[in-house]
Amino acid sequence: MNINWKKNLIIFIGAVIIVYLAIFGVLLGINKGDLKKDVNIIPKSNTENVIKKENVVKQDVVSGFDLNKTYSSPFSPKFGNPKSKVSVVMFIDFDCVYCNSEYESLKKIMTEYKDYGYFEFRNMPIDTLHPNTRLLSNASMCANAQNKFWEMFDEIFSNFDSRKEISDDTELMKTIYNYGKDIGLNMDDFSKCYDEKRFDKIIDKDFIDGVSYGVDSTPTFFINGNKVPGAITYENWESFFQLSIEKNR
């Protein structure tokens, strides 16, 4: 009887320990998951961003331009030389003021260094901050279906300030249709594409991919696989391309 009592006690204690460890393991897993989420939503400091921008050139020169295609999409509008040693994947919100401030520098660089870089656009419409940005993304992708994405890109950013005065959805739609006319789109095809929101799933995929890559602000660039958040000056872009040209002579 005494032996059975001790045996049962040992079994009971063992069972309690196992249950405790199982519960502790589950709680630890939940806490780790929450911690991971907390880390992901912490914005990077401005100082860290500047350091990253300065190091982009150094990293690429040392690595011999190790192109990283992870951030690319077969559905994305592209521009430049696909055989170049510089890959630039940009995540852009059309209604973002910082993207607008980047536009002139980026446009100039893309024009001057189109033979030395391959530029790719991906949509990052932050609807909570910019309610109209998805409409603009939709318009740009419908223009892309007619091989005129970059013309629409220019039209949208060139009219950024005047568009800020528009608050009515009907007026905004008329404005977007005028962009299409200005760049010579087939308006019947454009109108049908736009009304059907034909590229919504691709826009969603761009956004989801951006979040998974750690994009938490716009603009964000992946230059040869190196993440560079924030606007980049023309001078910094030019220095980078000049060094890449020297490296590959």
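The values are calculated or read from the model by the stated rules, or taken from the named source; none is laboratory data. Please read these numbers as outputs of a predicted model, since none were measured by experiment. Glycine gets a Cβ as well: all are built from the backbone with ideal geometry, and neighbour counts include every protein chain shown.
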Of the listed residues (K192, K174, K181), the one being closer than 24 Å to V97 by Cβ, of a type outside the set (S, T, Y) and in a helix (DSSP H, G or I) is K174
Mind listing just one residue for me: the one in region 81-138 that is touching a residue at least 60 places away in the same chain (Cβ under 8 Å), touching a Gly at 6+ places or on another chain (Cβ under 8 Å) and among the aliphatic types (A, V, I, L, M) and, of those, nearest to E196 (Cα to Cα)?
M124
Would you call M152 of a type in the set (A, V, I, L, M), modelled with pLDDT of 95 or more and either assigned to a helix (DSSP H, G or I) or assigned by TED's automatic domain parsing to the domain that holds I92 (or both)?
yes
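One line per residue, one yes/no per condition, for (1) touching a residue at least 60 places away in the same chain (Cβ under 8 Å); (2) small (G, A, S); (3) surrounded by 16 or more Cβ atoms within 10 Å (Cβ to Cβ):
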{"site": "K201", "(1), (2), (3)": "no, no, no"}
{"site": "D209", "(1), (2), (3)": "yes, no, yes"}
{"site": "V215", "(1), (2), (3)": "yes, no, yes"}
{"site": "N224", "(1), (2), (3)": "yes, no, yes"}
{"site": "I245", "(1), (2), (3)": "yes, no, no"}
Residues of region 155-171 being at pLDDT 90 or above and either of a type in the set (G, A, S) or assigned to a helix (DSSP H, G or I) (or both), in sequence order, are E155, I156, F157, S158, F160, D161, S162, R163, E171
Boolean, S73 is surrounded by 19 or more Cβ atoms within 10 Å (Cβ to Cβ), assigned by TED's automatic domain parsing to the domain that holds D189 and assigned to a loop (DSSP other than H, G, I, E, B):
no
When residues of region 102-137 are limited to those that are of a type in the set (S, T, N, Q) and in a loop (DSSP other than H, G, I, E, B), the one modelled with the highest pLDDT:
N132
